[in-house]
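Down below is the structure, laid out as structure tokens.
Every number here is computed from the coordinates shown, using simple stated rules; none is lab data. Quantities reported herein were computed from a predicted structural model and do not represent experimental measurements. Cβ: placed from backbone, ideal geometry, glycine included. Neighbour counts: every protein chain shown.
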Amino acid sequence: MTNRTIRTLSALTAAVCMLCASGCGTKPAPDPADTPASSQQETGPAGETQVFTENITGTADGYDYELWKDEGDTTFNVEPGGGTFSCEWSNINNALFRRGQKFDCTQTYQELGNISVDYDVDYQPDGNSYMCVYGWTREPLIEYYIVESWGSWRPPGAPFAIGTVTVDGATYDIYKTTRYEQPSIDDIQTFDQYWSVRRTKPQGDGTRLSGTISVSKHFDAWKKCGLELGKMYEVALTIEGYQSKGKATVYRNDLQIEGTYAEATDIEVTVDEEAIAKLAEADSGEPTEVGFFDIGFEEGAMGWIPRGGSMVTVDKENADEGSQSLFVSGRTDNWNGAAIMLSSDTYKPGEAYHFRARAMQNSGEDITMKMTLQYNMDGEKYDEIALVPAPNGEWITLENLAYTIPDGAESLQLYLESPDSLADFYIDSVSGAERAD
């Protein structure tokens, strides 16, 4: 049994950092073993503030630290004397600043001991951002968040919670989401995310917030909801930003891992069995890349997966052709929808292809439907394929006879969304083929 305590010894004097989190979800954390030596720092100079503007992993004063971004302007000040830091970001797509403890993935949280974080943070996000405890486990590969505060958007954008936990004087909603073929600590993977998200932001002195996050107790609550963690890779107080700007100063980050673990008896947990069953019913399984395709959903979802917080299920009452369509529901943001992964063996950057889909919505209003390509090229990028009006109750056609894949594009996903509405919608007769002009 390993017991340890990591305590903050001094306050940090610099200011500015911010965390932003993506509505689309995750923030990959490169494994330090895979990080080039030029971007690692095993220990920092004693008593000096270290300033980083590019991706970095390291250890100082008993705390691991990491800055990860895919692009944009970032400043990460690692302060001496404990877990304190400050950060600032702008012009980013996604960036994470964090400081805590990394492990060797040989022990569960129960084997480590009782984990908690006492924090004191001046948090000033401008846009989409989270202040949270963040980390990963292996076996299974899980990315997790305990979100204490956020910027303009409350994560995770899931259509419903599967439970709640009342702990440390606040109530948190519990969610499970899935990231399909996205960057992780183990390269490109499909993996689940577990979330505790505070229902109301903590109140403080202006932008300055303080409190305790009993990490192990959240893990216990997740377990009651059927969310099992694996062997611990990381626990870190984190500021994340997504397509935003902001700053934060962490005056206290007191990570404690101590004592012999005992299951929490002073928390209140509710489990929504119906929500858990509904989530399982909508599980699309492992996504697969497709070559040229013509899908009518007569045999199921056929590789289509949820995008963002939406759910995708086969519908037997509405169809353009045949007897079934794909129903996209529970959208909590405009970019939520349904997606399919395109094979790089078939769809080549710089070449043109014919994409087509039928769609219908019954919101009672006329909206707009959009077909989009998501791809990776120094971060996630998005490109419009087709955009058309969608009158209420009518099947419409989204089509581009010769859409050109951007040069350098990788990890292609075709998806449908509604950029001006949260309406549910149906899709049918979707195809990707050689250019048709």
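Annotation note: GluC sites (Glu not before Pro) in segment 273-334 located in DSSP loop regions with a Cβ neighbour count of at most 10 within 10 Å are GLU299, GLU317. Here percent of Cα pairs over 35 Å apart was calculated from the structure, and among (1) 31; (2) 54; (3) 20 it sits at label (1). In order along segment 302-315, the phi-based Karplus estimate (6.51 cos²θ - 1.76 cosθ + 1.60, θ = phi - 60°) of 3J(HN,Hα) comes to 6, x, 7, 10, x, 10, x, x, 6, 10, 10, 9, 6, 10 Hz; Gly and Pro are listed as x. Scalar couplings 3J(HN,Hα) for segment 403-420, obtained by applying the Karplus form with A = 6.51, B = -1.76, C = 1.60 to θ = phi - 60°, are 8, 9, 5, x, 4, x, 6, 10, 6, 7, 10, 8, 9, 10, 8, 10, x, 10 Hz; x denotes Gly and Pro. Of all segments of the chain bounded by trypsin sites (Lys or Arg not before Pro) found in a DSSP loop with no more than 12 other C-beta atoms within 10 Å, the longest spans 1-198. Between helix 215-224 and the chain there is an angle of about 40 degrees, using the helix long axis and the longest principal axis of the Cα atoms.
Separation of the alpha carbons by more than 20 angstrom is noted, of LYS348/LYS381; LYS278/LYS316; LYS278/LYS370; LYS224/LYS278; LYS176/LYS224; LYS176/LYS217, for LYS278/LYS370. Bridging of LYS247 to lysines at a Cα separation below 23 Å is possible for LYS27, LYS69, LYS201, once same-chain residues fewer than 8 apart are set aside. When segment 77-209 is described by a simple charge dipole with +1 on each Lys and Arg Cβ and -1 on each Asp and Glu Cβ, the residue from THR207, VAL117, THR190 located farthest towards its positive end is THR207.
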